[in-house]
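Everything below concerns the one structure shown next.
The values are calculated or read from the model by the stated rules, or taken from the named source; none is laboratory data. Everything numeric here is computed off the predicted structure, so don't read it as measured data. Cβ placement follows ideal geometry from the backbone for every residue including glycine, while neighbour counts extend to all protein chains displayed. Ligands, DNA and RNA are stripped out before the accessible areas are found, and what is left, the full protein with its side chains, is counted by its heavy atoms. Shrake-Rupley method; radii C 1.70, N 1.55, O 1.52, S 1.80 Å.
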Amino acid sequence: MKQLVTLNVNGNTYSLAIDPWRTLNEVLREDLNLTGTKLGCGDGDCGACTVLVNGRSVSSCLTLAVAVQGKEITTVEGLAQSGEKLHPIQEAFIEHGAIQCGFCTAGMEMSALNLLKQNPSPTEEEIRTAIAGNLCRCTGYYKIVEAIGDAAKKMKV
Amino acid sequence: MEEYSVIGKRIPRVDGRVKVTGEARYAADYSMPGMLWCKMLRSPYPHARIVSIDTSRAEKLPGVKGVLTGKDFNGWTWGWMPKTRDEPPLAVDKVRYLAEAVAAVAAIDEDTAEEATELIKVEYEELPGVFDPEEAMKEGAPRVHDYVKNNLSWDFHMDFGDVDKGFGEADLVREDRFETGRVITGYLEPPAAVALWDSGGITIWAAKQSPYFVYRHLAACFNLPLNKVRIIQPFIGAGFGGTKNDSLAGDFCSVLFSKRTGRPVKFVYNMHEVLMTCRRRHNMIIHNKMGMKKDGIITAMQSKVIADGGAYTAIGPLTMYLTGSISTLPYKLPHFRHDAYRIFTNNPIGAAMRGHGVTHTRFAAEIQMEMMAEELGIDPIEVRLKNAITAPYETINKVTVHTCGLKEGLKTLSENPKWKKRSGGSPPEGPLSHGVGISGTAYLGGARQRGHQSCGAVVRLCEDGTIDYLTGATDCGQGSDTVLVQIVAEELGLGVEDVDIKRVDTAVTPCDAGSYGSRVTVLAGGAARNAARDVKRQLAEVAARNWEVDPGDIIFKDQRVYVKGEPEKAMPFRKLAQVACYAGSGAVIIGRGYSQYGIEELDFDKGIGNAGTSYSFTSQLTEVDVDLETGFVKCTDMVIAHDCGRPLNPINVEAQNQGGAIQGMGQAMYERFAMDLGKTLNANLADYKMPLSTDVPNIELIDIITDDPNGPYGAKEASEGSTVSSPPSVVSAIHDATGIWFKEQPVTPEKIVMALKKKRE
């Protein structure tokens, strides 16, 4: 039995009829065509599917869509607020080469945003801890950690 | 040294923007109206005869549009070489590993497809399995393939010089048994594809690292000419060899379902399927024997390698070739013998992975060399410097090295203050023991396989002076698209923003061998350079006619074109493009280029010749802290001196060295598939531990510039060297901290605690 839900994603309101067992990840990707959020392991182990719900990072693969009604959901598509201008986190990821295959990137960026909203001046150790739930097999994390540190500085300006 | 405008600069990735915004589409991001979902039914047994399959209940489930079993592929099988085509898309007569695909369902949605797989009734007759390669080699062991005696999948016997003579000349001879573990490639993007069969043939959007393998497999399987098979490359969520370099049950089944239903068909494996079934690094047992003179000079080496091949051959013969043919680098071996056996078992399939083949035997040789140096009282760097080759050099099996930065790298590390912190056997103060280790390794770049080596590039000039660049080489994350664009821009005096690279589309892009063996920068890079030069030549002729000068005097730089020594004769590149394109009918300017490796044939059966175009050399220092009570190892620092010839994009080279070293560290310290009777016990990313952001050491990177003559702008490889150098360097550091030589990867805390306990007793 489908359920009517209203989701607020990246400032847009969507009314949908969905099965109550569907995850936020499925609804974002399949119903809203927001495929920037990836599905890696589906178990909450890899962090590739990370999105923000009311400003806090969650694994969208473990979150039911019906459970986040009325909450503010932010995905990678909502990072850059307007047209051409990228978010400082995105700019820093490009400048520092913090991207290789790109499959972990959206989740990394959302974890970084989660951190920087709560802690605008994180230490390197705090950055490492903040992304410890996001696996990346390509980079060894170095350039990602650098990029998040630099994004913190950019966001203060 | 020539001054470059774009090459060697810290150019951000050309695909950076689409990746940080989420715009980049990966295979699973594609969907189409009317699309069906394909799901696999997998075997619950590692070895069983298939007695019967009843699909009738699945077919009757509403929403199911088709069911396939092995028989639907009419006996077709595939493999890396003609004589090793042993793998069917779906198991036919029997299953040979746990979770092998037995049947497939196509349905209107994923849930229905999954539900239908549970309605398929398969009757199995369970067979005794064999899971240990040494057991599988014995007479009377269960046969994985009925026609293969002693489960011998492949063997190589390489014999150079006279090892007995070499051992006779030695003052010290050691024999040790080493073992390397089963490791996952570890990409986060599960394999996926959307397939469409229509009157134009097959079109498939598939997550492939080397799409031209799959292109040939699909043409062969469905008996279509190659111009009816179109693979369009989405962005690829990493590869690292193995699975994404090959075809999968899902590829064949979704194509056949689309043929039968006329609808697009999609599959996405879940991570559990990936970890249970996908190709993984071969687990290898290496019996190594080395002879050394008192002064540390190696007199001979003999290796016997036994690899767990799993159920099918896949690319295994090449793996085994590389275990031996590259063993003669980077240390001089006057006498060398290598016997390699790849053995079928009822385990998932062993295949290529970053550091392919080389990581296993290099680990054994590095550790054994250092063990012997220790016995003889020789410093670990000293023994390496004594035996290291110096370019130019030809090994005993005719591997030719034109540039080699190994000695320079090792010397740099020996002067590093971190090397001075080495304990050298002095006891620690307290429970934490500090250790410093070293390694010096080699890897091939610009790999050449048997068979298909075609590698071309097309550079198309647009009339506004911009460039469309077509390559068959796939960027699966390593950054090759950026480097290839830099090459085209450099040759034409343009900026990277003037050159647009298209994703691989086999209907449009020129053929390429694939993204394996660190070959793209060296070979596809050479093709890109040649194609750009072809355009430049055509444009120079137009400009030369215009100015009545010699075409050789036309300079392309900073988006301008001018005559050497006559700066008043100049125009923007854009203007010249217009002049050239409007010069008359047929004035279409397209540049073609091919890679030319210009090296001799290799003798695959005997292990003679160059499997690569050039060879990178990596020297690595590693520092660890070992908790002597818990066995827990914290890797704190690495210093990597890498000779990639010349870094064409320093950001990318740094990232490759960092990522490769961390992948190697995981393999050395904790990564492994835990197996029990063919079952992968840790088939999830919590229990299979890959390094996290909090686990990685500081890394200092040093470029050793050697400018190889066989690579574009002096480049060699940069993507696999540190994966090979990392495990021996980490294990050498653990030895320095504990006084114990660990010969089996991974060196887990349990092994350390047990060994320390034994040492105390």
Open item on the list: Please pick out the residue among B:ILE202, B:ILE231 that is β-branched (Val, Ile, Thr), assigned by TED's automatic domain parsing to the domain that holds B:LEU248 and either in contact with a Ser or Thr (Cβ under 6 Å, 6 or more places away or on another chain) or over 25 Å from B:SER31 (Cα atoms) (or both).
Closed with: B:ILE231
Task: Test result for A:GLN100, within 13 Å of chain B (Cβ to nearest Cβ), surrounded by 24 or more Cβ atoms within 10 Å (Cβ to Cβ) and within 16 Å of B:GLU23 (Cβ to Cβ) - done: no
Task: Meets criteria (within 12 Å of chain B (Cβ to nearest Cβ), more than 15 Å from the chain's Cα centre (by Cα) and open to solvent by less than 10 Å² (accessible area, probe 1.4 Å)) for A:ALA112 - done: no
Task: One residue from B:GLY296, B:GLY242 being of a type in the set (Gly, Ala, Ser) and in contact with a strand residue (DSSP E or B) (Cβ under 7 Å, 6 or more places away or on another chain) - done: B:GLY242
Task: strands (runs of 3 or more DSSP E) enclosed by region B:251-339 - at least 2 residues per element that are farther than 30 Å from B:SER199 by Cα, assigned by TED's automatic domain parsing to the domain that holds B:SER725 and not aromatic (Phe, Trp, Tyr) - done: B:283-292, B:298-310
Open item on the list: Whether any residue in region B:262-273 is open to solvent by less than 10 Å² (accessible area, probe 1.4 Å), within 17 Å of B:PHE363 (Cβ to Cβ) and β-branched (Val, Ile, Thr) is what I want to check.
Closed with: no
Task: Only one of B:PRO417, B:PRO392, B:PRO348 that is of a type outside the set (S, T, N, Q), in contact with a strand residue (DSSP E or B) (Cβ under 6 Å, 6 or more places away or on another chain) and outside the structural domain of B:SER518 (by TED's automatic domain parsing) - done: B:PRO348
Open item on the list: Given the options B:ALA192, B:ALA220, name the one that is in contact (Cβ under 8 Å) with a residue 24 or more places away in the chain and over 21 Å from B:ASP72 (Cα atoms).
Closed with: B:ALA192
- [ ] Can you tell me which residue within region B:470-482, out of those that are open to solvent by less than 10 Å² (accessible area, probe 1.4 Å), in contact (Cβ under 8 Å) with a residue 60 or more places away in the chain and not in a helix (DSSP H, G or I), is nearest to the other protein chains (Cβ to nearest Cβ)?
- [x] B:GLY477
Open item on the list: So for region B:606-619 (the condition being assigned to a loop (DSSP other than H, G, I, E, B), open to solvent by 20 Å² or more (accessible area, probe 1.4 Å) and either within 14 Å of chain A (Cβ to nearest Cβ) or under 25 Å from B:TYR321 (Cα atoms) (or both)), does at least one residue qualify?
Closed with: yes
Open item on the list: Restricting to region B:738-761, and then to whatever is open to solvent by 10 Å² or more (accessible area, probe 1.4 Å) and of a type in the set (A, V, I, L, M), can you tell me which residue is nearest to the chain's Cα centre (by Cα)?
Closed with: B:ILE740
TODO: Being open to solvent by 60 Å² or more (accessible area, probe 1.4 Å) and more than 18 Å from B:ARG85 (Cα to Cα) is the filter here, so list the residues in region B:133-151 that pass it.
DONE: B:GLU134, B:GLU135, B:LYS138, B:GLU139, B:GLY140
Open item on the list: Filter region B:233-261 down to the residues that are in contact with a Lys or Arg (Cβ under 7 Å, 6 or more places away or on another chain) and open to solvent by 10 Å² or more (accessible area, probe 1.4 Å) and list them by number.
Closed with: B:PHE235, B:PHE240, B:ASP246, B:THR261
TODO: State whether the residues of region B:696-715 include one that is closer than 28 Å to B:PRO190 by Cα, within 14 Å of chain A (Cβ to nearest Cβ) and open to solvent by 50 Å² or more (accessible area, probe 1.4 Å).
DONE: no
Open item on the list: I'm checking my understanding of the structure. Among residues of region B:185-199 that are more than 16 Å from B:LYS266 (Cβ to Cβ) and more than 7 Å from every other protein chain (Cβ to nearest Cβ), which one is surrounded by the most Cβ atoms within 10 Å (Cβ to Cβ)?
Closed with: B:THR185
Open item on the list: Looking at the structure I just gave you, is B:HIS356 in contact with a Leu (Cβ under 6 Å, 6 or more places away or on another chain) and open to solvent by 10 Å² or more (accessible area, probe 1.4 Å)?
Closed with: yes
- [ ] Would you mind listing the strands (runs of 3 or more DSSP E) fully within region B:102-214 where at least 2 residues are more than 32 Å from the chain's Cα centre (by Cα)?
- [x] B:121-126, B:172-180
Open item on the list: Any residue that is on the phi > 0 side of the Ramachandran plot and away from chain A (no Cβ under 14 Å) - is there at least one of those in region B:29-48?
Closed with: yes
Task: Qualifying positions in region A:72-96 - under 15 Å from the mean Cα position of the chain (by Cα) and more than 9 Å from every other protein chain (Cβ to nearest Cβ) - done: A:GLU72, A:ILE73, A:THR74, A:GLY78, A:GLN81, A:PRO88
Task: In region B:332-353, the residues that are open to solvent by 10 Å² or more (accessible area, probe 1.4 Å) and aromatic (Phe, Trp, Tyr) - done: B:TYR341
Open item on the list: I'd like to check something: does region A:132-142 contain any residue that is open to solvent by 10 Å² or more (accessible area, probe 1.4 Å), under 19 Å from A:ALA48 (Cβ atoms), in a helix (DSSP H, G or I) and more than 7 Å from every other protein chain (Cβ to nearest Cβ)?
Closed with: no
- [ ] Could you tell me which of the residues B:ASP676, B:ASP625, B:ASP603 is more than 14 Å from chain A (Cβ to nearest Cβ), of a type outside the set (A, V, I, L, M, F, W, C) and under 30 Å from B:VAL130 (Cβ atoms)?
- [x] B:ASP676
Task: Hits in region A:115-131 - residues which are closer than 21 Å to B:GLU654 by Cβ and either charged (D, E, K, R) or exposed (fewer than 15 other Cβ atoms within 10 Å of the Cβ) (or both) - done: A:GLU124, A:ARG128
